[in-house]
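Structure first, commentary second.
The values are calculated or read from the model by the stated rules, or taken from the named source; none is laboratory data. Source: prediction; values computed, not measured. No Cβ is skipped: glycine too gets one built from the backbone with ideal geometry, and neighbour counts run over all protein chains shown. Ligands, DNA and RNA are excluded from the accessible area calculation, which covers all protein heavy atoms including side chains. Shrake-Rupley method; radii C 1.70, N 1.55, O 1.52, S 1.80 Å.
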Amino acid sequence: MAGRAAVPEVIWARPERAGRGPKPAYSRADIAAAAVRLADAGGLDAVSMRHVAAELGCGTMSLYNYVPRKEDLYELMVDAVSGEHELWQPSGDWRADMVRVAHQTRTLMHRHTWLPRLMSPVYGFSPHALRYLEHCLACLDPLQDMTYGMKMQLIGLLNGVVTMYVTNELATAERTRNLPWSEEQENAVRGAYLGRQLASGAYPRMAAAFAEDAGPLDPDAVFDMVLARVLDAFDPERGRA
């Protein structure tokens, strides 16, 4: 592939455009924005060097002068949307701040539904991602007896939980869109089937569980409950840190 380096390199350590010549016609921000537009409209599979070049109005081979690999393009995309995180002055309440971070990340992933597919530590140290991590660590400053290593674990675990939760939400929404009938009809049929199975006596524990709380579940309430469980594990006041 044109422009592929023989040794590992970081896109951020490269100049904006390799080689000599006139001022670059496009910035990395331009390229990332074009790729994000394509992904937002058609999913991650719609992003290719050829399609991004067409979106910018340049030749595919010219684009390789700016972005040597498709993996670098993905990294530019993740960094661009990471810049959409709002960074605020920490409140001093680390739990409230981390819940706010998690809700913001969930919103961001619903805005860019392709983002969960690219959530990888490999892309976690771009300029905007580093600012985000520094902000999260600042929010955790009240945990003075906790090591930075443990704080990084907290941030990583929280991001992982949000990513898994949103991935499931998006998959459920995609399945619902593809149903040949309404979601209400689907739920009614499945609910009736489940009711018959529970009434058979073959699943007494499941029947007891549904008798306690049959739902339906509020996804926002479940999300907050999951966040609380994660943060409880790191909360020194609960004796688990």
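What to note about this one:
- The per residue volume of the convex hull around the alpha-carbon atoms of the stretch 133-175 is 65 Å³.
- In degrees, nearest ten, helix 127-139 long axis to first principal axis of the chain (Cα): 40 degrees
- Value of relative contact order over the stretch 22-125, rounded to a whole percent, pairs C-alpha under 8 Å and six or more apart: 29 percent
- Rel. contact order, % - alpha carbon contacts under 8 angstrom, at least six apart, the chain: 17 percent
- Residue with peak Gaussian network fluctuation, the chain [Cα springs, cutoff 10 Å], from Arg28, Arg106, Arg14: Arg14
- GNM result for the chain, Cα springs below 10 Å: residue of Tyr165, Tyr123, Tyr193 fluctuating most strongly: Tyr193
- Couplings for the stretch 69-83, taken from phi via the Karplus curve 6.51 cos²θ - 1.76 cosθ + 1.60 with θ = phi - 60°, read 9, 4, 4, 5, 4, 4, 5, 4, 5, 4, 5, 4, 6, 5, x Hz in order; Gly and Pro are left as x.
- Annotation: average projected area of the stretch 43-100 is 5.7 square nanometres, based on the convex hull of Cα atoms across all directions.
- For the stretch 68-202, diffusion coefficient by Stokes-Einstein and Kirkwood Rh (Cα), 4 °C, 1.567 mPa s, µm²/s: 74 µm²/s
- Accessible-area composition of the chain, carbon plus sulfur, in percent [1.4 Å probe]: 56 percent
- Couplings 3J(HN,Hα) of the stretch 29-44, computed from phi: 5, 4, 5, 4, 4, 5, 5, 5, 4, 5, 5, 5, 7, x, x, 5 Hz, in residue order, whole Hz [Karplus 6.51 cos²θ - 1.76 cosθ + 1.60, θ = phi - 60°; x for Gly and Pro].
- Each residue of the stretch 110-123 is assigned a 3J(HN,Hα), and the resulting list reads 6, 6, 10, 5, 7, 4, x, 5, 10, 6, 9, x, 4, 9 Hz, derived from the Karplus form 6.51 cos²θ - 1.76 cosθ + 1.60 (θ = phi - 60°), x at Gly and Pro.
- Positive minus negative residues near Ala41 (Lys, Arg vs Asp, Glu; Cβ under 15 Å): -1
- Equivalent ellipsoid, the stretch 144-200 (semi-axes from 5 times Cα gyration tensor eigenvalues, Å): 40, 17, 6
- Here the sum of -39500 (n - 2.57) over DSSP H runs of 4 or more residues, divided by the residues of the chain, equals -19000 deg cm²/dmol at 222 nm, to the nearest 500.
- Altogether, the Stokes-Einstein calculation at 20 °C and 1.002 mPa s, with the Kirkwood radius of the chain over Cα pairs as Rh, returns a diffusion coefficient of 101 µm²/s.
- Residue of Met98, Met152, Met109 that the Gaussian network model of the chain assigns the largest fluctuation, springs spanning Cα pairs under 10 Å: Met152
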